[in-house]
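*Asks:* So that we are looking at the same thing, I have put the structure below in structure tokens.
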Amino acid sequence: MPTANRDPVLLAWLDGFTEVVGRSIAWLVIIMMAVQFAIVVMRYVFSIHSVVMQESVMYMHAMVFMLGAAWTLRHDGHVRVDIFYRKLSARGRAWIDLGGTLFLLLPVVLFIAWSSYGYVRSSWAILERSPDGGIPGVYLLKTLILVMMALLLVQGVAQVMRQILILRGKAPGNTPDHDEVV
């Protein structure tokens, strides 16, 4: 990947934004583990059960997964079948990444955002609560769908910009850093 000082300002800002969100949300994994440990201790040592704590683990897990998706995209961490991709030149990989972003990622992101907007809006309209008496913010959890789509859209734009720079020869191509099968 190109270094930040060689990237156009907008690309550097978009990547930086994704990086800050991803690294920040990663801390929730540690908090989630601590809360889960507390739940287990409370339940099996003290026979105390907390629906709010149980649901908080679910909320944190959703936040890590949904808000970390753009960071994973930024670092090429999503599942990919690299049968041909890894053997291509940097320009060949850039063409595949550009096509995948333009014809798969961005349309799917926009479709999910458009189709889930009413679902999220109706949850906000009633300020949906947990049916089990847990966290009274189910509408906030559902809002993560739209936030995830916005973050993926931001990173998708950055990906398009990066691939165009690679194709124009203004940025070095990405090298797949996945395990090479010999």
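The values are calculated or read from the model by the stated rules, or taken from the named source; none is laboratory data. Fair warning: this is a prediction, and the values are worked out from it, not measured in the lab. We place every Cβ from the backbone using ideal geometry, glycine too, and count neighbours over all the protein chains shown. Surface areas here come from the heavy atoms of the whole protein model, side chains and all, with no ligands, DNA or RNA. Shrake-Rupley method; radii C 1.70, N 1.55, O 1.52, S 1.80 Å.
*Asks:* I'd like the accessible area for M33: 1.4 Å probe, protein heavy atoms, all chains in place, Å² to the nearest 10.
*Replies:* 120
*Asks:* Follow-up question, since we're still on this one. Can you tell me the length gained on complete extension of the stretch H78 to V29, counting 0.36 nm per residue apart and subtracting the Cα distance?
*Replies:* Stretched fully, the H78-V29 segment lengthens by 15.8 nm.
*Asks:* Tell me, what % of the accessible area of the range 50-154 is carbon and sulfur with a 1.4 angstrom probe?
*Replies:* C and S fraction of accessible area: 74 percent.
*Asks:* If you average the sequence gap of Cα pairs under 8 Å that are 6 or more apart and divide by the length of the range 33-182, what percent do you get for the contact order?
*Replies:* Here the relative contact order equals 32 percent.
*Asks:* If you don't mind, there's one more thing I want to ask. So, for the chain, what is the accessible surface per residue at a probe of 1.4 Å, expressed in square angstrom?
*Replies:* Accessible surface, normalised per residue, equals 62 Å².
*Asks:* So how far apart, in nm, are the two label points at W124 and L10 if each is 7 Å from Cα heading toward Cβ?
*Replies:* Rounded to a tenth, the inter-label distance reads 2.6 nm.
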